[in-house]
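Comments concern the structure below.
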Amino acid sequence: MEVFLNWNFIQELILSTIRMATPILIVALAELYSERAGMVNIGLDGIMAFGALIGFLVSYSTGQPLLGVLAGAVGGIVINSVYAFCTIHLGAEQIVYGMAINIFAPAIASFLYKIKFGISSSLAQATLMQEMPIPVLSSIPVIGKLLFSHTPIIYLAYLLVPLSYVFFSKTKAGLNYKAVGEFPKAAETMGIPVVRTKYLACMICGALAGIGGAYLTTCYISTYSDGVVSGRGFIALSAVIFGRWMPGGVLLAALLFGFTDALQIRLQVLNSSTPYQLLAMIPYLCTLFVLAFFGIKKAGPAANGRPYFREER
Amino acid sequence: MKSNNKFIKIAVPVLAVLLSFLVGAILIACIGGNPAQAYQYLFKGAFGNLSNFGETVVKATPLIFTGLAATFAYKCGVFNLGAEGQFVMGACASIFVSTTFTGLNGVSLLIVSLLSGVIAGGAWGYIPGILKITRGLNEMIVSIMLNYIAILFMGFLYTGPFRDGNLPQTAAVTAKLARFVGNTRIHAGIILALVLALVLYYFLFYTSKGFQLRAVGLNQTASQFNGYPVKKLMLLSFIISGAIAGLGGSVELHGTQFRLMAGFGDGYGFDGVAIALIGQLNPVGTVVVAYLFAVLRAGATTMQVGTGLPTSVIDIIQALVIIFAVAGSAFVNLPHIRQFLANLSSKKAEEV
Amino acid sequence: MEFLKMDGITKKFGNAYANKNIVLSVKEGEVHTLLGENGAGKSTLMNILIGLYQPTAGEINLRGEKVKIDTPAKAVKFGIGMVHQHFMLVEAMTVFENIILGTTKESSAFIKKEAMKKEIRELADKYGLNIELDKPITEISVGAQQRVEILKALYRGAELLILDEPTAALTDIEVIGLFQIIRKLTAEKKSVIFISHKMREVLEISDRITVLRAGETIKTLDKEQTTATELANLMIGRELVTSEYSKVIQSGENVLELDQVSFNSSSKHNGICNLSLNLYKGEVLGIAGVDGNGQSQLAQLVTGNLVPEHGTVVLKGDRVSNFVPKHFIDSNVSHIPEDRNKMGLIGNMTVKENLILKSTEKPTISYGKGGFIRKRAIKLFADQMKKKYDIRCASLDQEIRNLSGGNQQKVILARELEEVPEMLVAVHPTRGLDIGATKYVHDKIIDARDQGCGVLLISADFDEVLKLSDRIAVMFEGQILGIYSGQNPPIHEISLAMSGKESERSSSNEIK
């Protein structure tokens, strides 16, 4: 028991909670921006996988993890524009097409990796992003190390939360954006460009989900392997539901899921006698329980997931 | 009109496949390969001789099961993304039965074991179903989470209680499905799969319960207003879908793999989803597409050996098929395209 | 001075003309009515004017200049505003947020609440539009929502205001208030296009009237030089034959009794509060009332789609304990639901399949319970229905979503009435249908009544209720405010009840 109360353990736990929550947070925000414009995208896992690969490749080739993250964002946008075109213009069902992306994107990622590194089984290693302690703040005892000595991506992720809050609640653009997800026809009659907003939403979603994927291979582990995403996209999806489509709520949900992930890793380290598989189930089980007990009631945008055609009679 | 509809339903996936092969050829040319030669190896690998043909059938068997599982759930409007978990749990149950009830003789052990797979898969499908109809949870998220849990659980089994020897794997099952075509690995599982597909086809399109199930899948509100037990049907379809996948896992264990080890069932769930969607949610279409996927998988290795091109070229073709097929189905359903096609067929009717 | 001129407007959907060579001119400061049946092309024409649809041919002139309106944003810029029949309000937002949505007046990216609110209030006071800015849309009445819509248009600088069926959802007293607002608008040199088919209102408020029929302009007339009969004849294209149905008085057996039934009773618009009523065999009981006073909930309660929170429902003498649609269907209750596409039909299934939706387990349709379907018997049945109910479709294997509204409704009628129900719940049975189809539906309902079926008719169309009902019950905020005889009904008293007798004084204050 005393191991758990050990300060070192707690500190490590908090630090890794923050790190583990980051990809979930970024990708959940991606989904938030998408769904606020009425686009349910369950292809997050796929976009993340592609972002993870592109991020890794660029970071590996240039030695610049930050460039890798940027490239991951671009990759995410490219993949998600397939989804955007087919759902917005062709009116494909969003759920079905999201699923298609989940199958398509990882296949491309895996293909590109094999083209680059051949079929050999040895894993290529890239450099991980350096931490960038924030001057002054990082020297505050205790808090400084926990909160202000991270990679830039982590700061970006957490900064996006208040920014998104301001955007959705305080700006005209945010209000217009939300109207597209609630009642696109009304938005259109108010002069809001619905189709453009939906495309924009998909671009934002692709970029953020791509960054979330790239985070995994540039800040978290230094290799790429198929299945590196391991369902984080779906956990992010539940974070949006659990967070009630609000940036603050999404942050809390991401932290919770990040915490369970961190906890199971810490427990694996401490407790080698328990089979690791049982511990590794914790984040997934936790997602299920959280959803089952708190994730009910439809609270999402009213026109979420519905196709929109201007000239529909 | 109906024949026209049917024609489109077949034309879209066929075109999607052709288009994917075309794009695949371009891709192969781009990375310095010879597309014609590559495809030649691909089909040689799939059909070249009896044992190659056998391998494609062996590979198609589990895909038919997960494809049917996905088809059945989607027909009732529930998105079961958990076929992989159900497949794995079915196999886990079978391992448990096979290693525990050793007193039974071959055939009865096999039957009990397969049944246990059905039950375990059904139970694993019950969870997202019941959470959806009672708590309104998104079944996709739940079933995905259950996939990861099932895979970890299987890992626990073959590294822990059921580990056999030094390698992380279970002992081989003793009761095996019969092999019946020469010295190929084709086993009785394929017959089970085909019979199941036919049964499902007749159930969905020729019985009134199947009719109700499809109605629920197309319009829940109207089904409710017309007196169908919507929630019950949704739960039922989830359980049956899970049971089909579970049987698939059990069959794969008893027919092909014989033991559980890392990678068992890997990707079968999502492939099943893709197969169902490309097969236009029709059990017969599902079988055809599952076979196509198996051809691609079996031929890919031969192609890699023959040309040095990575097998993932084939994965891309497979992924493109779904991208094109789904986009194509949506395209022909666009209001003005639908109108155009309807006019086309009514003109044809006039000419006749 | 001429403000708007639409010339030669044509719009095709597929092969069908929704508008054909339409001409419409609107002067500054006038109220110009567009008169026409459902499907005459009014909505299409207006959607073209506000940039939602693109015309296939024709041009639009504003103040003598040719303009191209290819997006709704352009229409807003040109000073054209529209109040849609189904309001374009975002329910998850407040009145204020709905009004400022999409505006580009202020360059600031942030919402300057106080300054904007002040401006909106001034505008509202000028035209006598009484609204509460901070309330969520869901908490204000339909009349208030309409005022929000008008204010929305004015805030964007509308010079021409299109009002699409603005009185359909209003009580008589609210209509008076609306007309006062319209007069203030025209006094300020704003033009109004008024869309309606209620003659009395049209003749009261319009300066000129343009009649559309089957997508074409028939005639434009001055109000002074026309009469209601002339307009009606122009609109329908032939002499109006009003079929009169004989009224019956029943007092025998009840097919349905509701006693003190409540559902979601705190809601004025979506609930039912201590409601009691009875329905005799062989009569039509019409429920009159403005949409959104609990009629939907009533219909769903007596078909098993909702479960009452309090009170009892007695069907054919037995108290209902099992509120599922199947129980009601098995008790021979038929239902023409309010939204045929959402609740009545399965759009992706064929006409044939939709005809047997309710009878899949009947021995004539399938063997055993839920067993194999008898395909041949179904085809025979569908062919019969097609003839008997005059369902016009290319093939019975056609997907039903491709049929016109009238033919879709006929499929529902065939399904619901073929086996002579003991009770029929018909909700807005003729909404969106043209006059021919409407008459057909009315005839069928009366036929059913004459065969002993108790009909609960729920309709927002007061004329329809008057025409068909043997008794009329008025529904207001989830309660029955009075039951009147269908023979020579006291129309004035009923319309007062429809606006809530007791609240008469308070609601007239609200408008002032």
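Let me test this: with uniform point scatterers at the alpha carbons of chain C, what is the Debye-based log₁₀ I(q)/I(0) at q = 0.11, 0.12 1/Å? Values, matching the q order: -1.06, -1.22. Relative to the compact-globule estimate of 2.2 N^0.38 Å, the Cα radius of gyration of region B:62-171 comes out at 1.16.
Compute the signed sum of charges (Lys and Arg +1, Asp and Glu -1) over the other residues within less than 15 Å, Cβ to Cβ, of residue B:274. Write out the running numbers ahead of the final one.
Values: positive: B:59, B:297; negative: A:45, A:93, B:84, B:266, B:271, B:315.
Every neighbour counted, the sum reads -4.
Taking only the alpha carbons of the protein assembly as shown, we obtain Rg and Dmax values of 32.7, 102 Å in that order. Given q = 0.11 Å⁻¹, what are the Debye log10 I(q)/I(0) values for chain A, with equal point scatterers placed on the Cα positions and solvent ignored? Treating every Cα as an identical point scatterer, log10 I(q)/I(0) equals -0.68. Principal-axis analysis of the Cα atoms of chain A puts helix A:7-36 at an angle of about 10° to the longest axis. Each label was represented as a point 7 Å from its Cα along the Cα-to-Cβ direction; for residue A:15 and residue A:171 these points are 3.5 nm apart. Backbone amide hydrogens, once placed in the peptide plane, bring residue C:273 within less than 5 Å of C:263, C:479, excluding anything fewer than 5 places away on its chain. For chain A, the longest principal axis of the alpha carbon atoms and the long axis of helix A:44-62 meet at an angle near 60°.
Put a dot 7 Å past the Cα of residue C:183, heading toward its Cβ, do the same for residue B:14, and the two dots end up 7.1 nm apart. Dipole size of chain A about its Cα centre, with +1 on Lys/Arg Cβ and -1 on Asp/Glu Cβ: approximately 640 debye, rounded to the nearest 20. Among A:280, A:105, A:207, the residue with the largest mean-square fluctuation in a Gaussian network model of chain A, with springs joining Cα atoms closer than 10 Å, is A:280.
Working from the Cα coordinates of region B:62-287, the gyration tensor eigenvalues give, after taking √(5λ), semi-axes of 31, 19, 14 Å in decreasing order.
Take the Cβ-Cβ distance between residue B:31 and residue A:274 as r, set R0 to 45 Å, and report the resulting FRET efficiency rounded to the nearest 0.05. Provide the component values of the computation, followed by the final result.
Working: r = 46 Å, r/R0 = 1.02.
So, using R0 = 45 Å, E works out to roughly 0.45.
Calculate how steeply helix A:172-182 sits against the longest principal axis of the alpha-carbon atoms of chain A, using the helix alpha-carbon long axis, and give the answer as 0 to 90 degrees to the nearest 10. For helix A:172-182, the angle is close to 80 degrees. Among A:259, A:56, A:294, the largest mean-square fluctuation in a Gaussian network model of chain A, built with springs joining Cα atoms closer than 10 Å, belongs to A:294.
Suppose we look only past 14 Å in the calculated P(r) of region B:231-279. What percent of the Cα-Cα pairs does that tail hold? Walk me through the numbers before you get to the answer.
On the way: 743 of 1176 pairs.
When all Cα pairs of region B:231-279 are counted, 63 percent exceed 14 Å.
Considering only A:293, A:104, A:85, the Gaussian network model of chain A with Cα springs below 10 Å gives its largest mean-square fluctuation to A:293. Centre-to-centre separation between the Cα atoms of region B:99-115 and those of region A:14-28: 47 Å.
Separation of region C:32-65 from region A:120-185 is 49 Å, based on Cα centroids.
Evaluated at q = 0.12, 0.21, 0.24 Å⁻¹, a Debye calculation over the C-alpha positions of region C:17-89 (equal weights, vacuum) places log10 I(q)/I(0) at -0.33, -1.10, -1.45.
Net charge near residue C:103: determine it from the other residues with C-beta under 10 Å of the C-beta of residue C:103, scoring Lys and Arg +1 and Asp and Glu -1.
Working: positive: A:172, C:105, C:152, C:156; negative: C:106.
My count for the surroundings of residue C:103 gives +3.
The phi-based Karplus calculation (6.51 cos²θ - 1.76 cosθ + 1.60; θ = phi - 60°) puts the 3J(HN,Hα) values of region C:215-221 at x, 10, 6, 9, 5, 10, 10 Hz, whole numbers, x for Gly and Pro.
Please report, to one decimal in angstroms, the Kirkwood hydrodynamic radius of region C:84-125 built from all distinct Cα-Cα pairs. Show your work: numbers first, answer last.
Numbers: mean 1/r = 0.0864 Å⁻¹.
One decimal place: 11.6 Å for the Kirkwood radius.
Its Cα gyration tensor gives region C:2-236 an equivalent ellipsoid, and the semi-axes of that ellipsoid, as √(5λ) in whole Å with the largest first, are 29, 21, 16. A full extension of the chain between residue B:231 and residue B:49 corresponds to an added length of 60.6 nm, given 0.36 nm per residue minus the alpha carbon distance.
Electrostatic bookkeeping for residue C:139 treats Lys and Arg as +1 and Asp and Glu as -1; over the other residues with beta carbon under 12 Å from its beta carbon, the sum is -1. With contacts defined as alpha carbon pairs under 8 Å and 6 or more residues apart, what's the relative contact order of region C:2-236 in percent? Relative contact order comes out at 30 percent. Measuring against 21 Å, Cα to Cα, the residue pairs B:59/B:132; A:172/C:135; C:247/C:281; B:9/C:12 contain B:59/B:132; B:9/C:12 as the ones spanning a longer distance. Hydrophobic long helices, here whole DSSP H runs in chain B with Kyte-Doolittle means of at least -0.5 and Cα atoms spread over 20 Å or more along the helix axis, are found at B:2-30, B:50-75, B:83-100, B:106-135, B:139-159, B:189-206, B:230-252, B:283-307, B:312-332. Phi angles across region B:172-181 convert, under the Karplus curve 6.51 cos²θ - 1.76 cosθ + 1.60 with θ = phi - 60°, into 3J(HN,Hα) values of 6, 6, 8, 7, 10, 6, 5, 9, 9, 10 Hz, Gly and Pro given as x. Here region C:181-223 and region B:1-42 have alpha carbon centers that stand 59 Å from each other.
Readers should treat all values here as calculations from the given coordinates under stated rules, not as data from a laboratory. What you see is a predicted model, and the numbers here were worked out from it, not measured in a lab. In this analysis, Cβ positions are derived from the backbone assuming ideal geometry, glycine residues included, and neighbour counts consider all displayed protein chains.
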